[in-house]
1. Helix-only estimate, please: 222 nm mean residue ellipticity of the chain, summing -39500 (n - 2.57) across DSSP H runs of length 4 or more and dividing by its residues, to the nearest 500.
2. What is the extension gain from Ala49 to Gln74, computed as 0.36 nm multiplied by their sequence separation minus the C-alpha to C-alpha distance, in nm to one decimal?
3. Go ahead and run the numbers for FRET between Thr99 and Lys12, Cβ-Cβ distance against an R0 of 25 Å, rounding to 0.05.
4. Which whole-number percent gives the relative contact order of the chain, counting Cα pairs below 8 Å spaced six or more residues apart?
5. For the range 60-200, with all protein chains present and a 1.4 Å probe, just round the carbon and sulfur fraction of the accessible area to a whole percent.
6. Using only the Cα atoms, work out Rg/Rh for the chain, with Rh taken as the Kirkwood radius, to two decimals.
7. Net charge within 13 Å of Thr99 by Cβ-Cβ distance, Lys/Arg positive one each and Asp/Glu negative one each, not counting Thr99 itself?
8. Given a 1.4 angstrom probe, what's the average accessible area per residue across the chain, in square angstrom?
Amino acid sequence: MSEQLGLRERKKRRTKQALVEAALRLFDAKGYDSTTVAEIAATAEVSPATFFNYFATKDEVVFADDAIYGELLQQAFADRAAGESPEDLLLRTIDRLSTAESWSFPLDHELTRVRARLIAEVPALRAGALLRNASLQQQLAHGLREAYPDDLDELTAAALTGALLGAIDAAMHADVAGTTSDVVRRAAGIALRGRANPDGASHL
């Protein structure tokens, strides 16, 4: 029975991956508004009904990995070392997020860049991303306050996490030399440690 469940789960992951890849490639080639759910399903070689088993709307495909954030954040915060500063914890969390194998595509994959461009250019997707980033910032700030109850007040936690996510968002849409993962790490370091010492230790 467990083997059957495992096969079924792997098949579901492959179908979801195929839908996400098909959608992003079609959005890139034809434009987001001009691409239909039927076209996405046909490209992924499934029925439109199968598409709706995975995504309620077309825009949800772009944000297919949202559910992964919570688990990865929880793991990163649970691994906090004694004496680790809030800045170091956040930067290690970004490293964990950047290298996780559970994403649809690695951070440096071409379709990750397509996704970033779509979010920047399509108003509906940009609005959705802003709402999701606000929710993520709240999760991070809450986790930070719980991890450092005697060191951080609500404002400081909000400022640190807001600066971090703002820098990463800007980096994802900037025309900067280097791999996406490297640019994200550099932007995170600048936001939390300053331009003169992005890789150095930091303490409150």
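1. -23000 deg cm²/dmol
2. Full extension from Ala49 to Gln74 adds 5.6 nm.
3. After rounding, the FRET efficiency stands at 0.55.
4. Relative CO of the chain lands at 18 percent.
5. 52 percent
6. Looking at the chain, the ratio lands at 1.01.
7. With Lys, Arg at +1 and Asp, Glu at -1, the neighbours total -1.
8. Per-residue value: 56 Å².
The values are calculated or read from the model by the stated rules, or taken from the named source; none is laboratory data. Please read all numbers here as calculations on a predicted model, not as lab measurements. Neighbour counts run over all protein chains shown; Cβ positions are idealised from the backbone, glycine included. For the accessible areas, the whole protein counts, side chains as well, though only heavy atoms, and no ligand, DNA or RNA atoms are used. Shrake-Rupley method; radii C 1.70, N 1.55, O 1.52, S 1.80 Å.
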